[in-house]
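Report on one structure; see the data block that follows.
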Amino acid sequence: MREELPPLRQRIGRRIDVTPYYRLAEQNPEQLVLVSRSELNRPAGQRLLFAGGAFLTLAVVLLISGAIAAGQGAGFGPVAITVALGGLFGGLGMQRIVGGRAILSVRNRIEVTPAQIVYSQVSAGFPERIQRLPVAQITGARLRRRPLAVGTLVRRVQPVVALELLADREVWIVDSAADIEALRPIAESVCRILGIDLEQGATVARGNS
């Protein structure tokens with residue numbers, strides 16, 4: 001099963017981080033294929049699984065408490081509230097477990113050709129998603145610095161560099177990194193296949209964002 005999204009705004013692969021998300025899988029004069037590093041999804045997926053497990057544990061405790069209270073002759077009101085809360089936390093737990101499994105299994109892919117860029121994503125329990133960006137819509141490419149909030153308990157802002165494509169007043173992200181040199185080889189290869197110049201500042205190659 002496959003879901004194809006319109007090329008109006010990027011909805012697949014729009015990820016900003018300090019570490020490049022993609023690695024080069026295939027390259028020739030007419031094609032460039034990038035695939036995601038699945039290990040980088042592990043922390044977020046594990047956090048959701050942990051939260052889901054905690055919610056399910058709380059749900060079980062509440063349901064058991066409700067059953068005990070009912071057996072001891074507690075009124076309908078307290079028992080009903082306990083059971084309802086147990087159901088609520090159980091639902092929240094299942095949502096997070098499903099989301100965590102999806103994140104752990106997600107695989108993103110970017111295929112660049114002289115005619116189009118194809119973003120695709122597959123993950124457990126969901127149909128494959130595809131989004132095509134025709135090269136005719138691309139007006140420029142740039143390496144641009146962006147602020148990124150990092151950290152869990154203590155948040156701080158760290159600048160990163162993103163490889164951006166300009167298309168019909170929209171910005172499409174290819175990849176990002178804290179070190180511009182980590183992006184440069186892929187950026188130059190992408191631009192070479194697309195036949196456009198790479199700008200290394202806030203000014204686009206052609207047109208304005």
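What's the number of the only condition in (1) open to solvent by 60 Å² or more (accessible area, probe 1.4 Å); (2) charged (D, E, K, R); (3) touching a residue at least 60 places away in the same chain (Cβ under 8 Å) that Arg96 fails to meet?
(3)
For the list (1) over 18 Å from the mean Cα position of the chain (by Cα); (2) more than 20 Å from Arg184 (Cα to Cα); (3) open to solvent by less than 80 Å² (accessible area, probe 1.4 Å), I need the number of the one condition that Ile64 fails.
(3)
Are there any pairs, at least 6 apart or on different chains, whose C-beta atoms fall under 9 Å, with the first in the range 111-125 and at positive phi and the second β-branched (Val, Ile, Thr), and if so, which?
Gly125/Val98
Filtering the range 1-50 down to residues that are assigned to a strand (DSSP E or B) and more than 18 Å from Arg184 (Cα to Cα), which residue is most open to solvent (accessible area, probe 1.4 Å)? Give the derivation first.
We begin by selecting, within the range 1-50, every residue assigned to a strand (DSSP E or B); these are 2-5, 22-28, 31-36.
Still in the list and also more than 18 Å from Arg184 (Cα to Cα): 2-5.
Values: Arg2: 142, Glu3: 76, Glu4: 102, Leu5: 11 Å².
Only one residue fits best here, namely Arg2.
Look at Arg192 and say whether it is basic (Lys, Arg), under 21 Å from the mean Cα position of the chain (by Cα) and either under 11 Å from Ile16 (Cα atoms) or open to solvent by 50 Å² or more (accessible area, probe 1.4 Å) (or both). I'd like the intermediate steps shown before the answer.
On the way: basic (Lys, Arg): yes; under 21 Å from the mean Cα position of the chain (by Cα): no; either under 11 Å from Ile16 (Cα atoms) or open to solvent by 50 Å² or more (accessible area, probe 1.4 Å) (or both): yes.
No; evaluated as a whole, the condition is false for this residue.
The values are calculated or read from the model by the stated rules, or taken from the named source; none is laboratory data. Note that the coordinates shown come from a computational prediction; the quantities given were computed from them, not determined experimentally. FYI the Cβ positions are ideal-geometry reconstructions off the backbone, even for glycines, and counts take in every protein chain you see. Surface accessibility is based on the protein's heavy atoms, side chains included, excluding ligands, DNA and RNA. Shrake-Rupley method; radii C 1.70, N 1.55, O 1.52, S 1.80 Å.
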